[in-house]
1. Restricting to segment 175-202, name every residue that is of a type outside the set (D, E, K, R), surrounded by 14 or more Cβ atoms within 10 Å (Cβ to Cβ) and part of a helix (DSSP H, G or I).
2. I need the full set of residues from segment 82-120 which are outside any helix (DSSP H, G or I) and over 13 Å from ALA68 (Cβ atoms), in order please.
3. Which ones in segment 46-74 are over 14 Å from PRO274 (Cβ atoms), in a loop (DSSP other than H, G, I, E, B) and of a type in the set (Ser, Thr, Tyr)?
4. Quick one: which of ARG193, ARG200, ARG250, ARG176 is free of Cβ contacts under 8 Å to residues at least 24 places away in the same chain and within 17 Å of LEU144 (Cβ to Cβ)?
5. Taking only segment 217-227 into account, find how many residues are surrounded by fewer than 18 Cβ atoms within 10 Å (Cβ to Cβ) and touching a helix residue (DSSP H, G or I) at 6+ places or on another chain (Cβ under 6 Å).
6. Quickly run through segment 208-223 and pick out the residues that are modelled with pLDDT of 90 or more and outside any loop (DSSP other than H, G, I, E, B).
7. Return yes when ASP153 is of a type in the set (D, E, K, R), free of Cβ contacts under 8 Å to residues at least 60 places away in the same chain and part of a helix (DSSP H, G or I) and no when it is not.
8. Checking LYS25 against (1) modelled with pLDDT under 95; (2) surrounded by 18 or more Cβ atoms within 10 Å (Cβ to Cβ); (3) of a type in the set (Lys, Arg): exactly one of these is not met. Which one?
Amino acid sequence: MTAVPDVAAAAPWPVPDGLRIIEVKGYPLAYRDEGAGPPIVLLHGSLSDSRSWSLQIPEFAKRFRVFALNLRHYYPEPWDGSGDDFSVAQHADDVAAFIGCVGLGRVHLIGHSRGGAVALTVARRHPGLVRTLVLADPRGLESLLADTPETRDMATQLAASFAGLHLNLAAGDIDRAAREFVDALAGPGAWERRSPELKRIFLDNIATAVDTGESPAVACADIARLDFPVLLVTGEKSPQRYGEMFAAMRVCNAAIPPPVRIPGAAHAMHRDNPAAFDAGALEFLSRNG
């Protein structure tokens with residue numbers, strides 16, 4: 001594993017303390033790098049960035065070298081939403097290129113929500129880069145669900161959340177946009193219960209609301225080909241669709257164990273109950289290190 005030079009001056013925008021920059025596919029990708037040992041790569045969800053992993057990084061860094069990425073066009077870039085290079089596929093290509101640029105070899109890849117779709121895309125396209133895969137309430141598995149009225153309803157829930165987000169933003173009602181989007185994922189009152197730090201992260205990434213909730217379609221054969229250890233994680237209070245998608249995933253690959261359910265947690269389980277999330281993830285990573 002190579003040392004990474006500090007080239008923060010190459011970024012065309014201010015880089016906060018604690019973040020480093022490396023050029024990946026022509027883009028100045030920001031990331032945190034802490035600890036020593038086998039490499040972990042953490043991928044954040046929608047309207048978020050590496051700061052969402054602040055409770056995990058110190059714990060994981062006690063045993064592993066932790067890379068928490070800020071995906072293309074997320075904070076600290078003050079993006080205006082323009083261009084055609086914002087997609088799950090683009091982000092997966094960036095992650096694979098990052099792993100190669102830093103010389104990490106095979107990594108423990110952990111993705112939450114939209115970051116789970118990115119992680120799964122990396123695993124499908126570049127399986128040789130993945131030592132283990134941890135998917136926490138990931139997007140990207142909707143195509144595995146049977147076509148029934150119930151699953152069609154579940155499949156439209158996320159799209160409806162993004163549609164409402166876009167409408168509220170177009171109307172200039174940022175407070176309502178944030179509240180309704182977060183509450184749809186984590187339950188009524190979730191936005192108001194968020195700390196000022198988490199609200200700031202959401203608002204810092206508001207331009208990435210160009211996301212529509214869509215992800216590359218995953219086929220059952222794609223899941224069947226995953227030949228490395230996989231950990232599925234969901235919150236006890238997460239939306240029902242994640243449990244349904246995990247069940248469909250395990251039909252495709254019987255080697256994948258049942259999901260770990262984080263007590264008292266909703267979609268942001270790594271923030272709602274970090275002790276339980278960290279313990280489950282670290283036990284899995286250490287066992288498959």
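The values are calculated or read from the model by the stated rules, or taken from the named source; none is laboratory data. The structure presented is a predicted model; accordingly, all values stated were derived computationally and were not measured. Please note: Cβ atoms are built from the backbone with ideal geometry, for glycine as well, and neighbour counts cover all protein chains shown.
1. Selection gives ALA177, ALA178, PHE181, VAL182, ALA184, LEU185, ALA186, ALA190, TRP191, LEU198, ILE201, PHE202.
2. Selection gives SER82, GLY83, ASP84, ASP85, PHE86, SER87, GLY103, LEU104, GLY105, ARG106, SER113.
3. Scanning segment 46-74 gives SER46, SER48, TYR74.
4. Within the list ARG193, ARG200, ARG250, ARG176, the selection yields ARG250.
5. 3
6. Selection gives THR208, CYS220, ALA221, ASP222, ILE223.
7. Yes.
8. (2)
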